[in-house]
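Novice: Here you go, one structure.
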Amino acid sequence: MASQDWLEKDFYATLGVSKDASAEEIKKAYRKLARTYHPDANPNDEAAEQRFKEITEANTVLSDPEQRQEYDQLRAMGSGARFTGAGPGRQQGGFEDIFSGLFGQAGGGRQGGFGDMFGGFGGGQGFGGGFQQPPTKGANIKGAVTISFADSIRGTTTHVSTSYGAVNEVRIPAGVKDGQTVRAKGKGQQGTGGRGDLMVKVSVTKHPLFERDGDNIRVAVPISFDEAVLGTTIEVPTLESSVKIGVPAGSSSGRVLRLRGRGVKASKRAGDLLVELVIEVPEELTDEAKAAVEAYQAATEDFDPRAELAQKARL
């Protein structure tokens, strides 16, 4: 931003704070105004949109200690320069004219602006030579977003709000993990050498059925007692649709079956879908069903599922 722009704008008044306001007071004032004038809260309201841009610009400068110090210095010197009287036949001198007179007219050379005043002493071009600082990339800014479990696996495009009030469209890549930070290049603060980046912290909501295990996805699937004993083919849900898988006869509760390539799609490989079998039994039985279970019990009385339990406990 040019120095003249800063001289013409009172960022403190824009946010409704005093010139000695603390960083916390500036932050609170901005957030209150941003909620009031945000475009999402005022659709098709050009006046509110312009006001939102003004308070965002003011907050961008005043919330950054270095920019705020530079702004305060410019305003302090600029306010004095504007009230300096002009001689007969001359127009009243502005802020730039005062410093150009100090460094340019005395020696008959070219007139230097505000940048020459501070830069001409250390540059390779000599006194008043207008040393130019090398272009610098703007600062990175932070944002946060919460997405669904399905979107974290598939990837999604979402809108991210930052502490500066700006709303950015950001692409979240497939396979992002809960708590991971995604870099959106060129969506940070503007600098003389380009824009910085937006660093987005991603939170992933829990899914009622699926759970992530590294690059694998786990899902617990209930089966009946007879399916576990006799074996069967069941249909297992995935994030895209469903897939059939065979349950071997004699499967116990807790057995994990693996569907390769149905997990998280990583850069070099895809994870697997881990299907954990959970045997569900009915709470109530008909007389016929109870008789069948009792017949099964009698037929398998030699089977003791806890036969080695006590021995293992003593190891």
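Throughout, read-outs are computed from the coordinates displayed, never taken from laboratory work. All values reported here derive from a predicted model rather than from experimental measurement. Reconstructed Cβ throughout: ideal geometry from the backbone, glycine too, with neighbour counts over all protein chains shown.
Novice: Please state the relative contact order of the range 141-204 as a whole percent: Cα pairs under 8 Å, 6+ residues apart? Intermediate values should be presented prior to the final figure.
Specialist: Numbers: 139 pairs, mean separation 25.1, N = 64.
Relative contact order here is 39 percent.
Novice: Starting with the highest mean, order 39-50, 57-68, 203-214 by the number of other Cβ atoms within 10 Å, averaged over the residues of each peptide.
Specialist: Numbers: 39-50: 11.4, 57-68: 17.5, 203-214: 13.8.
Going by the mean number of other Cβ atoms within 10 Å, highest first, we get 57-68, 203-214, 39-50.
Novice: Extending each Cα 7 Å along its Cβ direction at Asp215 and Glu169, get the distance between those two points in nm, one decimal.
Specialist: Taking the two extended label points, one gets 3.1 nm.
Novice: Please arrange His159, His38 by how many other C-beta atoms lie within 10 Å of their C-beta, fewest to most.
Specialist: Numbers: His159 11, His38 17.
Neighbour counts put them in this order, fewest first: His159, His38.
Novice: If you don't mind, another one. Stokes-Einstein diffusion coefficient for the range 210-310 at 4 °C in a medium of 1.567 mPa s, Rh from the Kirkwood formula over Cα pairs: what value in µm²/s? Don't skip to the end; give the middle numbers.
Specialist: Numbers: Rh = 15.7 Å.
D = 83 µm²/s.
Novice: Just to verify a number: FRET efficiency for Glu240 and Ala41, C-beta to C-beta distance, R0 = 51 Å, to 0.05? All intermediate terms of the calculation are to be shown ahead of the outcome.
Specialist: Details: r = 37 Å, r/R0 = 0.72.
Working from the Cβ atoms, E equals 0.90.
Novice: With θ taken as phi - 60° and the coefficients 6.51, -1.76 and 1.60, list the Karplus ³J(HN,Hα) couplings across the range 53-65 in order, rounded to whole Hz; mark glycine and proline as x.
Specialist: For the range 53-65, the Karplus-derived couplings read 5, 5, 6, 5, 4, 5, 5, 4, 6, 6, 7, 9, x Hz, x marking Gly and Pro.
Novice: Taking amide hydrogens as modeled 1.01 Å from N in the peptide plane, which residues meet the under 5 Å criterion relative to Gly263, leaving out close sequence neighbours?
Specialist: For Gly263, whose amide H was placed from the backbone, the distant partners under 5 Å are Gly271, Asp272, Leu273.
Novice: Taking the Cα-to-Cβ direction at Leu309 and at Glu70 and moving 7 Å from each Cα, how far apart do the two end points lie in nm?
Specialist: With each label point 7 Å from Cα toward Cβ, the separation is 7.3 nm.
Novice: Ok, one more. Students often get this wrong, so check it: of Lys27/Lys187; Lys53/Lys206; Lys28/Lys187; Lys19/Lys142; Lys177/Lys312; Lys185/Lys268, which have C-alpha atoms separated by over 32 Å? Intermediate results must be reported in sequence, preceding the final value.
Specialist: Values: Lys27/Lys187 21 Å; Lys53/Lys206 36 Å; Lys28/Lys187 24 Å; Lys19/Lys142 26 Å; Lys177/Lys312 39 Å; Lys185/Lys268 23 Å.
Those over the limit are Lys53/Lys206; Lys177/Lys312.
Novice: In nm, to one decimal, how far is the Lys19 label point from the Thr205 one, both placed 7 Å along Cα→Cβ?
Specialist: Rounded to a tenth, the inter-label distance reads 4.9 nm.
Novice: Related question: With θ set to phi - 60° and the Karplus curve 6.51 cos²θ - 1.76 cosθ + 1.60, what are the ³J(HN,Hα) couplings of the range 26-36 in order, to the nearest whole Hz, using x for Gly and Pro?
Specialist: Rounded to whole hertz, the list is 5, 4, 5, 5, 5, 4, 5, 5, 5, 5, 6.
Novice: Among all the aspartates and glutamates, which ones have a C-alpha under 16 Å from Lys201's C-alpha, if same-chain residues fewer than 8 places away are not counted?
Specialist: Partners within reach: Asp151, Glu169, Asp178.
Novice: Here is a further query. Excluding residues fewer than 8 places away in the same chain, name every one of the aspartates and glutamates whose C-alpha is closer than 20 Å to that of Lys32.
Specialist: The qualifying aspartates and glutamates are Asp10, Asp20, Glu24, Asp40, Asp45, Glu46, Glu49, Glu54, Glu57, Asp64.
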